[in-house]
Amino acid sequence: MEVFVKVAKTSEIKLNGSVSIRTDNQFIAVGNNNGKYFAVSDICPHAGAPLGGGWIEDDCIVCPFHCWKFNVNTGECPHIEGEFLKVFEIKIEDEDIYVKIPKS
Ligand code: FES
């Protein structure tokens, strides 16, 4: 079963930036892609670094460690076939961002 969990306020996420969020059972990077919010796994498939703090380019979050990119809508890595991130469903209510995660 999955539930929506409040993780941040929109004002806490800079335009074309991202932050790391911890819930009881998930590591999530929440970002702002030209005004559209998204949530993806906060564990980079390359070497496990957090993606929160990464910046946004061409609909991708860029890992701040070695600059691998992942599309924030599909999770796909555009330059390395077969590498991808989990993308979480989100919803915005007022100024609160909710992410759909497995119930702990
Ligand atoms: S840890 Fe993310 S690109 Fe290397």
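A Cβ-based charge dipole, computed about the Cα centre of the chain with Lys and Arg at +1 and Asp and Glu at -1, lands at about 220 debye. Total lysine pairs in the range 2-102 at Cα distances under 16 Å, for residues eight or more apart or on different chains: 10. Backbone amide hydrogens, once placed in the peptide plane, bring ILE43 within less than 5 Å of LEU51, excluding anything fewer than 5 places away on its chain. The orientation-averaged projection of the convex hull spanning the C-alpha atoms of the range 1-73 amounts to 4.9 square nanometres. The modelled label-to-label distance for the pair SER104/ASN16, using points 7 Å beyond Cα in the direction of Cβ, is 3.4 nm. Determine which residues of the range 81-100 fall in the zone a paramagnetic label at ASN25 would reach in this model, i.e. backbone nitrogen under 14 Å from the point 7 Å along Cα→Cβ. Taking a point 7 Å out along Cα→Cβ of ASN25, the residues of the range 81-100 whose backbone N falls under 14 Å are 100. Candidates PHE38, CYS63, PRO50 compared by Cα position along the dipole of the chain: farthest toward the positive end lies PRO50, with charges placed on Cβ. Think of the range 2-102 as having a plus end and a minus end, set by charges on the Cβ of Lys, Arg, Asp and Glu; of HIS79, THR10, ILE90, THR10 sits farthest toward the positive end of this dipole.
Since every read-out is calculated from the coordinates, none of them should be taken as a lab result. Nothing here was measured: the structure is a model prediction, and the numbers come from that model. Every residue, glycine as well, gets a Cβ built from its backbone with ideal geometry; the counts of neighbours run over all protein chains shown.
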